[in-house]
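Can you read through this structure? Questions will come right after.
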Amino acid sequence: MATAIARQRKTPSGKAYKWSLGLLMVTVLGLGWKYPYLGFMVPLVMVAGLIGSLVKGRVVCGNFCPRGSFFDTWFKPLGGSRTVPRLLTTPLFRWSLLAVLFSFMTFQLAMDISSAAHWGTVFWRVCLVTTIIALTVGVLYRPRAWCSFCPMGTIQGAIGGAKHALTISSACTGCGICQKACPMGHDIAHYRESGKVNNSDCMHCGACIAACPRNALKE
Ligand code: SF4
Ligand code: SF4
């Protein structure tokens, strides 16, 4: 019983602070049009993600990103349960999306380069547009579908995705429970042979570790 409770607490939606981060996300999106400085949450999270990636890949995505936290908590009941189309996860699509979004953002920022309020509004606008896309694919596929091709996730995975990969022991039976629990739907048992979950999009959220009935996964 105690073990079961401990496991429940380790799942992403079981972490109380993630509900607060999700609320922060809603607040910024809801009030950013009126208070543009709220938009600076976006570059703050981007910088945090980049620093985190130097240490442990996409750890910020899985644990501290306000939007990711929103997907894991408030939005989760509305999310679908389908596989994200392969096309959306290819490197070509991901890096192209990154180039388009960052070019758009840079162009917008340059339109009034000396105004902090303008920059805040641009960040807020980018956040709004990408969140609308994220909610759409979240309903169509899975709550964290956006995270499969989020430009910041792409950069973080490229920088440090291979760092501190989870280990998977021979106790694994290939039951697939971890894959169902994984917000990204990673085929974790596929890594049994190598003993390391070498997936650069692992967000170190711990959902698979909490779900595995064989205790085969470790950070
Ligand atoms: S839940 Fe555990 S035993 Fe089942 S496939 Fe995943 S790692 Fe292997
Ligand atoms: S593999 Fe495990 S730790 Fe990585 S994203 Fe999936 S559930 Fe989270």
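The values are calculated or read from the model by the stated rules, or taken from the named source; none is laboratory data. Computed from a prediction, not measured in an experiment: that's the story for all the values here. Note: accessible area is taken over every heavy atom of the protein model, side chains too, but ligands, DNA and RNA are not part of it. Shrake-Rupley method; radii C 1.70, N 1.55, O 1.52, S 1.80 Å.
With an 8 Å cut-off on Cα pairs and a minimum separation of 6 or more residues, tell me the relative contact order of the chain in percent.
It comes to 27 percent, rounded to a whole number.
Carbon and sulfur: what percent of the chain's accessible surface (1.4 Å probe)?
C and S atoms contribute 68 percent here.
Which value results when the Cα radius of gyration for the chain is divided by 2.2 N^0.38 Å?
1.04
Rolling a 1.4 angstrom probe over the protein heavy atoms, how many square angstrom per residue are accessible across the chain?
Roughly 51 Å² per residue, with all protein chains present.
Shifting gears a bit: Whole Å is fine, so just give me how far the alpha carbon centre of region 43-110 lies from that of region 128-191.
Each part's Cα centre sits 11 Å from the other's.
Continuing with this model, one more query. Ordering TYR17, TYR191 by how much accessible area each has at a 1.4 Å probe, largest first, what is the list?
TYR17, TYR191
Next question. How about LYS218: which lysines have a C-alpha closer than 28 Å to its C-alpha, ignoring those fewer than 8 places off in the same chain?
Within the straight-line limit of under 28 Å, LYS218 reaches these lysines: LYS10, LYS15, LYS18, LYS56, LYS76, LYS163, LYS180, LYS196.
While we're here: How much length is gained if the chain between SER169 and SER114 is pulled fully straight, taking 0.36 nm per residue apart and subtracting their Cα-Cα distance, in nm to one decimal?
So the chain would gain 14.4 nm between SER169 and SER114.
Taking 0.36 nm per residue of separation and subtracting the Cα-Cα distance, what length does fully extending ARG82 through TYR37 add?
12.6 nm
Taking only Cα atoms and a 10 Å spring cutoff, compute GNM fluctuations for the chain and point out the largest among ALA117, ALA181, ALA134.
ALA117
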